[in-house]
Amino acid sequence: MPRSRRLPALVLRSLLVLGAALVLTALPARETRAQELDCSVNVDYSQLQGADFGFLDELQRKVREYLNTNTWTDDRFREFERINCSVQLIIQESISLTEFRGRIIVASRRPIHNTAQSTPIVRINDTDVRFEYSRGTPLSFSPETFTPLTSVLDYYAFVLLGYDYDSFSRLGGTPYFERARRVANQAEGSGGTGWSSVGGTRGRADIVNELLDSRFEPLREAYYTYHRKGLDPFVEETQRARQTILQVIESLNTLNQNLSRSYTLDLFFAAKFEELAAIFLDSPASSRAYNLLTEIDPAHSSEYSRLVN
């Protein structure tokens, strides 16, 4: 039985991605069902020394196949609707010949309506990954079961889906953030590395716990307003779109004042700081934007200084 398409997020995604593609070339109709993710994958083990770890080359292929061929939602995606994302697994230490420690960087992008451009949605640098892998080991898809490597992949697949859906419909990513939280809870209960906050470090579970906390709804709504009412109409209604994005920043400033420093707010600006500086450069709102952005996001003040120099 065919899977149903979620509305309106998937319809919006289809229209926007198709519109962006048509800027470049006419797109033939596709009727086949594609998977949700279109992830490039890189496994870097160049820091390892003292043994032959060439078998890790096959891990790159297996991670790519795992993310891009498994089914993550009940929605029907077509090829051009797939979510553009990337995964870098950087292996920094071999605890044994088959046990490794490193970090993973995951990121995704979204098309901008009426352009051939895309915009970064999220970029997460997770510095605490530990897993086992030996030559020929299959990566089995079972999100309800904890395994050190595939649970990390499952978790980030759902997180990327959640962020993408939030950018197309208000709080549209909730089902995927909830699934990510289930993966995180299972992993933390099994003693997995990197899932809980220890000694002030931010664990994976912190992301979805914040995103599913009602106090953070203004941040999730900001993803929708920023993209659907700010970036998507920017080419046609530049001044109005810029004012909408300024209102988004004002709402995030209020959120920042009401809550202690949040992981997910930092992730928003880590993905958007360059784009925000470009949006307000040489605009009547540049000074106001500079004041707000440097207050909320002082880590990127040097980039925002372009707005007043």
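The values are calculated or read from the model by the stated rules, or taken from the named source; none is laboratory data. As the structure is a computational prediction, the values presented were derived from the model and not from experiment. Note that we place each Cβ from the backbone using ideal geometry, even for glycine, and neighbour counts take in every protein chain shown.
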If only one of F100, F131, F177 is in contact with a Gly (Cβ under 8 Å, 6 or more places away or on another chain) and either buried (at least 19 other Cβ atoms within 10 Å of the Cβ) or modelled with pLDDT of 95 or more (or both), which one is it? F177
Within segment 157-169, is there a residue that is over 30 Å from T115 (Cβ atoms), at pLDDT 95 or above and assigned by TED's automatic domain parsing to the domain that holds P120? no
Scan segment 258-278 and tell me whether some residue there is in contact with a Ser or Thr (Cβ under 6 Å, 6 or more places away or on another chain) and either among the hydrophobic types (A, V, I, L, M, F, W, C) or closer than 21 Å to G173 by Cβ (or both). no
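Okay, residues lined up against (1) within 20 Å of the chain's Cα centre (by Cα); (2) without any contact (Cβ under 8 Å) to a residue 24 or more places away in the chain; (3) within 25 Å of E81 (Cα to Cα); (4) buried (at least 21 other Cβ atoms within 10 Å of the Cβ):
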residue: I105; (1), (2), (3), (4): yes, yes, yes, no
residue: T119; (1), (2), (3), (4): yes, no, yes, no
residue: T145; (1), (2), (3), (4): no, no, no, no
residue: Y165; (1), (2), (3), (4): yes, no, yes, yes
residue: V183; (1), (2), (3), (4): yes, no, no, yes
If you scan segment 209-225, which residues turn out to be under 11 Å from S262 (Cβ atoms), under 17 Å from the mean Cα position of the chain (by Cα) and free of Cβ contacts under 8 Å to residues at least 40 places away in the same chain? N209
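Check R109, R82, R101, R123 and return the single one that is in the same structural domain as S197 (by TED's automatic domain parsing) and either in contact with a Lys or Arg (Cβ under 8 Å, 6 or more places away or on another chain) or under 22 Å from L48 (Cα atoms) (or both). Explain how you work it out, then say what you get.
On the way: R109 fails: either in contact with a Lys or Arg (Cβ under 8 Å, 6 or more places away or on another chain) or under 22 Å from L48 (Cα atoms) (or both); R82 fails: either in contact with a Lys or Arg (Cβ under 8 Å, 6 or more places away or on another chain) or under 22 Å from L48 (Cα atoms) (or both); R123 fails: either in contact with a Lys or Arg (Cβ under 8 Å, 6 or more places away or on another chain) or under 22 Å from L48 (Cα atoms) (or both).
Of the residues listed, the single one that is in the same structural domain as S197 (by TED's automatic domain parsing) and either in contact with a Lys or Arg (Cβ under 8 Å, 6 or more places away or on another chain) or under 22 Å from L48 (Cα atoms) (or both) is R101.
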